1. I want to check the label-to-label distance for B:ASP627 and B:LYS180. Put each point 7 Å from Cα in the C-beta direction and report it in nm to one decimal.
2. Across the Cα atoms of the stretch A:55-96, what radius of gyration and what greatest pairwise Cα-Cα distance (Dmax) are found, in Å?
3. Need the full-extension length gain, B:GLU450 to B:VAL106, defined as separation in residues times 0.36 nm minus the C-alpha distance. One decimal, nm.
4. Which value, in debye to the nearest 20, describes the size of the charge dipole of the stretch A:85-154 about its Cα centre when Lys and Arg Cβ atoms bear +1, Asp and Glu Cβ atoms bear -1, and nothing else is charged?
5. When we measure straight from the Cα of B:LYS317, which lysines land under 29 angstrom away, once same-chain ones fewer than 8 places off are left out?
6. Report, largest value first, the span of the C-alpha coordinates of the stretch B:514-619 along each principal axis, in whole Å.
7. As a test of understanding, state the convex hull volume per residue of chain B from its alpha carbons, in Å³.
8. Looking at the protein assembly as shown, what % of its DSSP beta bridges pair antiparallel, to the nearest 5?
Amino acid sequence: MKISFNINGMPQSVEVDGNTPLLWVIRDVLDLKGTKFGCGKAACGACTIHVDGEAVRSCSFAAKFAEGRDITTIEGLSAGDELHPVQQAWIEEVVPQCGYCQPGFMMATAALLEKVPNPTDQDIDDNIVNICRCATYYRMRKAIHRAAEIKNANS
Amino acid sequence: MSESGTKKTFSRRKFIVRSAVGVGVLLGTGYFTRPIWRRSLAEMANSMEPSYMGDTETPQLWFEVTADNQVILHSPKVEMGQGTFTGLAQIAADELEVDIRQMKVVHAATATGNIDGLSTGGSLSISGLWQPLRELAATMREMLKNEAARILKTDAATLTVKEGVVSGNGQSLAYGDIVKTVTEWTIPDTPPLKDVSAYQFVGKPIPRLDLRDKVIGAPIFGMDATMPDMLYGAVARPSAIGARYVSADTTEAEKMPGVVKVVKEKDFVGVVARSRMEAENAKNAIKVTWETGKNWQSEDIEEMIKVGKGEPFVIQKEGGAENVLDNGENIIRAEYKSPIGAHAQLEPNGALAFVDGDKATVMISTQVVRITRGEVAGRLGLDEEKVNIIPTYLGGGFGRRLHTPNAMQAAVLSRAVGKPVKCFFNRQEEFQNDTFRPPTHHVLRAKLREDGLIEAIEHNVSSGDVMFGSPLFPAIAQPILGADVGAWRGGMIQYGKIPNYRAVSWRVKLPFATSWWRSLGLLANTFAIESFMDELAIKAGKDPVQFRLDQIQDDEAGHRLKEVIKATADKAGWKDGVHNGRAMGFAASTDAGTPCAHVAEVSVEGQEIKVHKVTCAIDPGLAVNPDQVRAQCEGAIIMGLSAALYEKMTVKDGQLTPTIYGPYRMALMKHAPKEIDVVILENADAPGAVGEPPLGPIGAAIANAVFRLTGRRLREMPLELT
């Protein structure tokens, strides 16, 4: 079926089986490889994107539900060359190790900061529930607080 | 645009073993069949002296100078998160005389000829390349200077270099300009290396070079690889332990949408389709007949793994521990256990392969570039030189990518359709076809003297294989080493003042694949020994930190371990007992020559064990990048905490389970300590191991704290207060 949506601010139409997980449309049809496959069962969060601003695990989100929605992936998180506060904070705190899960974490964090501009440690524990096998959680927590600071200073 | 110096033809492969771990070199000598020599070889393997097998004499294989005066280091070691690329760039920049911002590091494809003879693993990348890479970089600098001297018609000795620009005689030339004129390199003798104190980048917390790529989601991983006209593959994998492929009915699969070809081989069946989902769906429609064996259960494995059931091998012996412990009174005895552990790295295994006539190209996350190439070449019946392995960034390694038979499968699928095929595991297949951390069982015995110190101690560890059976080590190494160095890593007694000590490794062959998992046996062995040391200290009425310090020998290794223990206790403000509802637990280990100690600050709420803070001191020798040493400690501590508190695979009705994150419990953000304090000591003048040693003490440190809080000695990982 034909599915039309906006992705990273650009209108896009694809012709796919509507039950295909949006993850594979993003990765293999649109060739945006920043969104990662981890488990295919919405259990790890590596595939987290934004659908109308909400964090969504795209491996378990059928492409047909993307019709008419605004999709953002890690490639669209920054405004051109200017990195999003979450990305800036991730660089300042030198968070990534292998880096594979990090786009998912950054997307989840960016969505959290829209709702909770100054997250407490408890907010972070409750909302950031992705999996990082390199276990970069310690720096990630610092980076989330730092991202909130940068974002609040900018606005 | 990049322009590299003309590479000399390179027909003679140079594998140089730089030091003690050279199993391959030592194999030929008859000495090592004698037990005493076996033991000392094992001791050497345990200390993991820096080793590197690969080119150390051909700088132009390593460095490519671009027209815009950047230097690209083609690394034979892979980047799996451990920060090796950044450390290598720092080391090279200092001898090349370029700024760190002029350095770029990429994976060396095997076609470049710069191939690591062994693997990326064992925490050996920086330590193993420390000397050769400095020599290569210094030599490359001299080669560039010599060419500059030729162009400038002056004596190379009068030239100076700064930030990749050679100056002298009132003129200057950038490296990028020099290489344009070079048709063949002349390699001089290795020049003297700079003094470490003169280095600008080594020793500094340089931000990782891959930071930006990793925060913008650049397509750098194996799973992101693409080629024109690429198709997608899927291979049927068994869910049952020990299952062997017999045959397949592919009638339905062939009719599935998007299917290009169903491929039946003697040992597997797979499918090629136009998209990932179509390949998965078609694979699921294949009716495979598997030959399965016994209907294994966890109880079977627990029974097999008990000390006494497998083949014993004495790995350490001093004095007469057996005599004291068999015949003495008041012998303290305890048993410990650790479960089957999954790698659970986020990027699944897989490969993108293109077999084009008599050539093959494979893009893959691998820790064993040379073995991957050999396996693909062997399977396709091609010369190794016809197979180009292009390593990508790894979405986690942790030892899982030391086995890459999936590369052969992707290559076979590609050959069947004549197009590039990308073929990856799904998550269930990852969990059921992992090469697991083996379960272990430990029996410890000790006798205390009147003064409360240890008169005799013995550690028995029974484990599935780690190193044995791995393509990394030839089968011939087994009788020479006697016991599986990976399984007993961390299993020796590190308290050399004890008059009688002994360690025995028991080998058990399990019905499923077990292998390398970050730090190998270190996590389980340290959990057992360092928990037992805590039991002994309490029995003796002694402070557990002082109890350890009093029994460490006075040699260099002992000195470094003592310093690490003292630094950890000092920094943590070590206090025994329970204070404000929290207790500290202490543990220490030495791994691959690097001592490390932890203090875990823990509370217990209901049945939940909560780790609030971990203080860690580590002495890796010279820290090439202190920030990345810290990052490795932080990650290893939380990964170890995850294994110690949550992770466990079980065997049920012939299958390994669970098969998905969540049911396979792992540490999440909420479980990670909010404070991690890392102290880096540098009591050696060269870099040592970093990536694995800090995984050692964490399990015991937590368990020792839990004992203080609850009076319960938890002797089995994952630690549970049920």
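1. It is 3.5 nm.
2. 13.5, 38
3. Working: separation 344, 0.36 × 344 = 123.84 nm, distance 6.00 nm.
Contour length minus the Cα-Cα distance gives 117.8 nm.
4. Numbers: 7 positive and 8 negative charges, 38 e Å.
With only Lys, Arg, Asp and Glu charged at Cβ, the dipole is about 180 debye.
5. B:LYS306, B:LYS309, B:LYS337, B:LYS447, B:LYS497, B:LYS509, B:LYS539, B:LYS542, B:LYS562, B:LYS566
6. Between the extreme Cα coordinates on each principal axis of the stretch B:514-619 lie 41, 37, 26 Å.
7. Working: hull volume 118.6 nm³, N = 722.
So the per-residue Cα hull volume is 164 Å³.
8. Values: 99 of 132 bridges.
Antiparallel bridges: around 75 percent, rounded to the nearest 5.
The values are calculated or read from the model by the stated rules, or taken from the named source; none is laboratory data. Note that the structure is predicted; figures quoted are calculated from it, not measured. Note that we place each Cβ from the backbone using ideal geometry, even for glycine, and neighbour counts take in every protein chain shown. Accessible surface is based on the protein model in full, side chains and every heavy atom, while ligands, DNA and RNA are left aside. Shrake-Rupley method; radii C 1.70, N 1.55, O 1.52, S 1.80 Å.
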